[in-house]
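I have placed the structure first, in the form of structure tokens, so that the comments after it can refer back to it.
The numbers here are math on the coordinates, done by the rules we state, and not lab data. Nothing here was measured: the structure is a model prediction, and the numbers come from that model. Every residue, glycine as well, gets a Cβ built from its backbone with ideal geometry; the counts of neighbours run over all protein chains shown.
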Amino acid sequence: MRDQAQKLRELAMERGVESVYHQPDKLSGSCKSIAVTSGKGGVGKTNVALFTAVFVAAFRKKVLLLDADLGLANVHIMLGMVPDKNISHYIDGQCSLDKILYRGPGGIDIIPGASGFEKLANIDLGRLGMLQNEFMKLESNYDFIIIDTGAGIGNNVIQFASRTDLSLIVMTPEPTSLADAYAMVKVLYDKGCPKIAVVVNMCASEREGNETFDRLNALVVKFLKRPLELFGTLPLDRDVSQCVKKQKLMVLDKGHESFNKKVLDIARKISGVQVIEKRGFFARFWNKEPKGLIE
Ligand SMILES: Nc1ncnc2c1ncn2[C@@H]1O[C@H](COP(=O)(O)OP(=O)(O)OP(=O)(O)O)[C@@H](O)[C@H]1O
Ligand SMILES: [Mg+2]
């Protein structure tokens, strides 16, 4: 893993982020939380979450990637990892929290997903309190927690996405994706989400990506009166799915410089995300509306 992290840092340096790169390894003291989410499924959330997580880590930030797709947890599959424990084992009390923390590429830490969080509804209050404390303590070890959520405006996804400092909505140029992204933005703003940014993925050209974003933003400004921010566009590139098939992370593969530069720009914008509320992600996740957590 050391050589992968080094490779990413070299790429980050080539792209002119030396000043960030040379910062000493230390925690900023407040963990920024980012949910990578979407209205429509299959738009590239998990890839975007992974790619940006390793690039943010290349800025010498401590990054935790939490796979919170409760239906189709697949971060570990994309990486060819076969974790023997996941979030579900921890919640069931079969192992401690450190046993579900796996070292991923580029020095990121990963908590593999499973249908785990919904089990929290059935555990006794004493144990729930302990889990909450452990998660909140864990979060203080990181600069960034990036959460890969499922798709759609279902309760579980919104629970995660509305409590982070930033919701990063991934969409594609397809009209259905536009409609679903708008629905997602509306629900997230209704739930008090402080900031929403967009990545347009699978674009035929940068122009197509920008136009797609403009269409969404025009609707949002017109009806919801709060503009979105475009964090970047990514091209449709068949090497992404080739790499997924080989369980290799494309941003660590040679020959994808222009794609990687775009990911790096997105990661740079993520790195600049402000902490909106003093409480960390897990404190917000549990304390705001504890009863509504796992309906
Ligand atoms: N930029 C891209 N170019 C080409 N193919 C892509 C791109 N991004 C993602 N894909 C492909 O699209 C498919 C879906 O990607 P991914 O699993 O990341 O989407 P997702 O939004 O997380 O899906 P789900 O909603 O099921 O969680 C994968 O086969 C992946 O290889
Ligand atoms: Mg996914």
(request) Could you please tell me which pairs satisfy a Cβ distance under 6 Å, a separation of 6+ or placement on different chains, a first residue in region 136-158 that is part of a helix (DSSP H, G or I), and a second residue that is charged (D, E, K, R) and surrounded by fewer than 19 Cβ atoms within 10 Å (Cβ to Cβ)? (result) N155/E295; I158/K191
(request) Looking only at region 64-79, count how many residues are more than 16 Å from ligand 1 (Cβ to nearest atom) and closer than 24 Å to S241 by Cβ. (result) 0
(request) Mind telling me which of the residues I123, I91, I110 ends up being within 16 Å of ligand 1 (Cβ to nearest atom), out of contact with any Ser or Thr (no Cβ under 9 Å at 6 or more places or on another chain) and within 30 Å of K191 (Cα to Cα)? (result) I110
(request) Could you run through region 58-93 and say how many residues are without any contact (Cβ under 8 Å) to a residue 60 or more places away in the chain and farther than 24 Å from F285 by Cα? (result) 5
(request) Of the conditions (1) within 13 Å of ligand 1 (Cβ to nearest atom); (2) touching a helix residue (DSSP H, G or I) at 6+ places or on another chain (Cβ under 8 Å); (3) of a type in the set (S, T, N, Q), T212 clears all except one; give me its number. (result) (1)
(message) If I filter region 203-224 for residues that are within 19 Å of the chain's Cα centre (by Cα) and either surrounded by 14 or more Cβ atoms within 10 Å (Cβ to Cβ) or within 18 Å of V263 (Cα to Cα) (or both), do I get at least one hit?
(response) no
(message) I need every pair where a residue in region 222-235 that is within 17 Å of K195 (Cα to Cα) has its Cβ under 6 Å from the Cβ of a residue that is more than 16 Å from ligand 2 (Cβ to nearest atom) and of a type in the set (D, E), sequence separation at least 6 or different chains.
(response) G232/D265
(message) Anything in region 162-177 that is touching a helix residue (DSSP H, G or I) at 6+ places or on another chain (Cβ under 6 Å) and closer than 30 Å to S205 by Cβ? List them, or say none.
(response) S167, I169, V170, M171, P173
(message) Taking the criterion of being touching a residue at least 24 places away in the same chain (Cβ under 8 Å), within 25 Å of V275 (Cβ to Cβ) and small (G, A, S), would at least one residue in region 204-218 satisfy it?
(response) no
(message) Which count do you get for residues in region 29-51 that are more than 13 Å from G104 (Cα to Cα), over 8 Å from the mean Cα position of the chain (by Cα) and within 16 Å of ligand 1 (Cβ to nearest atom)?
(response) 8
